[in-house]
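What follows is one structure encoded as C-alpha cells, with my remarks underneath.
The values are calculated or read from the model by the stated rules, or taken from the named source; none is laboratory data. Worth saying up front: this structure is predicted, and the values here are computed from it rather than measured. Ideal geometry is used to build each Cβ from the backbone, glycine not excepted, and the neighbour counts take in all protein chains shown.
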Amino acid sequence: MITLYGMGSPNVVKIYIALEELALPYAVEPVDVFTGKQFGEAFLRLNPNAKVPVIVDPDGPGGKPYTVFESGAILLYLADKTGKLLPPDPVAKFDAIQWLMTQMSTLGPMFGQYVHFLRFAPAGNEYSKSRYFTQTHRVCEVIDRRLATADYLAGPDYSVADIATFPWMRAIPTLLGAPSAAKWPNIARWVKTIDDRPAVKKALAEVDAVRARTTTFDKAEAVTLDKVFGRGQFAAV
C-alpha cells in the first residue's frame, strides 16, 4: 500500500486524484505544514526540500520500496507504474507532458505567488499582487484557448496533465473572483467535467478529511509561517 504524505494543498490534491483514478490502495500520513512538521528529521529523510506531497511505494522498481517527491514526478511515476493516464503514442504522450510541465513551471508558481502576496505579505506589495494577478490571467487565457480546441489538455483523453492542472483551475472563482472566472468558459466546462468524475469526488472527500486533521494557515504560529515562507529570522538577507 502506497503511503501519501501531505495535507490539502493543490499540489497534494493532484496525488489524491491520481491514486483514486488508478485505484491504487493508499494510506495518508498527514503532514501538518503549518506546525512545521515538514522540517523534522524524519520527513527530511523523505524529501530534503521539506515539501509535500511525498509518496512511499513499498512495491517500487524491482519490487523494492521507493520514495518519490515533487507532484509532477509523482504523477509521472504513477502513470508509468500502471500504464495509465499517459497515452502510449509518443506524440500524444509528450503532448500530455508538455501541459503537465506548463502547470509545474508556470501555472502553479504564478498562482502560488499570487496567493502569497494576497494573503501573507505585509501591506505595500501592490506591484507584486498586480504582477502575479496578471500572470495568472495570462496562463489561464492560454489554457482556455487550448480547451477551446480539445476536450482535455493533451487532446481527446484525460491525463496527468488534467489532474495536475485541475486543483488550481477549480479554485479560480475563489482566488481570482467571479468576473475573472467568467472570462474562461472552456476552463469552466472542463472543470465541471472533471469535478463530476467519481474518482475525483472521492479524492476531494479524502482531502476534506485530512484538512480537518491539520492546522489551517490562520491558526499557525508566526514563527512557523516565517520559517515556511523564508522570512524574518529565516530570510537569507
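Quick look at the numbers
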item	result
Per-region count, region 208-237, residues surrounded by 12 or more Cβ atoms within 10 Å (Cβ to Cβ), of a type outside the set (Asp, Glu) and in a loop (DSSP other than H, G, I, E, B)	4
Boolean, Val91 is more than 17 Å from Ile187 (Cα to Cα) and touching a residue at least 60 places away in the same chain (Cβ under 8 Å)	no
Elements of type helices (runs of 4 or more DSSP H) contained in region 1-90, each with 2 or more residues being in the same structural domain as Thr224 (by TED's automatic domain parsing) and closer than 29 Å to Thr174 by Cβ	10-21, 71-82
Criterion (at pLDDT 95 or above and at negative phi) met by exactly one of Arg211, Arg189	Arg189
Filter pass, Phe120 being touching a residue at least 40 places away in the same chain (Cβ under 8 Å) and either assigned by TED's automatic domain parsing to the domain that holds Lys219 or of a type in the set (Phe, Trp, Tyr) (or both)	yes
Every residue from region 61-108 that is β-branched (Val, Ile, Thr), crowded, with 18+ Cβ neighbours inside 10 Å and within 14 Å of the chain's Cα centre (by Cα)	Ile74, Thr102
Residue in region 25-41 that is surrounded by fewer than 19 Cβ atoms within 10 Å (Cβ to Cβ), under 30 Å from Phe94 (Cβ atoms) and in contact with a Lys or Arg (Cβ under 9 Å, 6 or more places away or on another chain) present	no
Residue in region 71-87 that is touching a strand residue (DSSP E or B) at 6+ places or on another chain (Cβ under 7 Å) and modelled with pLDDT of 95 or more present	yes
Residue within region 126-145 that is of a type in the set (A, V, I, L, M) and more than 19 Å from the chain's Cα centre (by Cα) present	no
Failed criterion for Gly155 (all others in (1) closer than 30 Å to Gly83 by Cβ; (2) buried (at least 20 other Cβ atoms within 10 Å of the Cβ) hold)	(2)
Test: Val139 is in contact (Cβ under 8 Å) with a residue 60 or more places away in the chain and surrounded by 15 or more Cβ atoms within 10 Å (Cβ to Cβ)	no
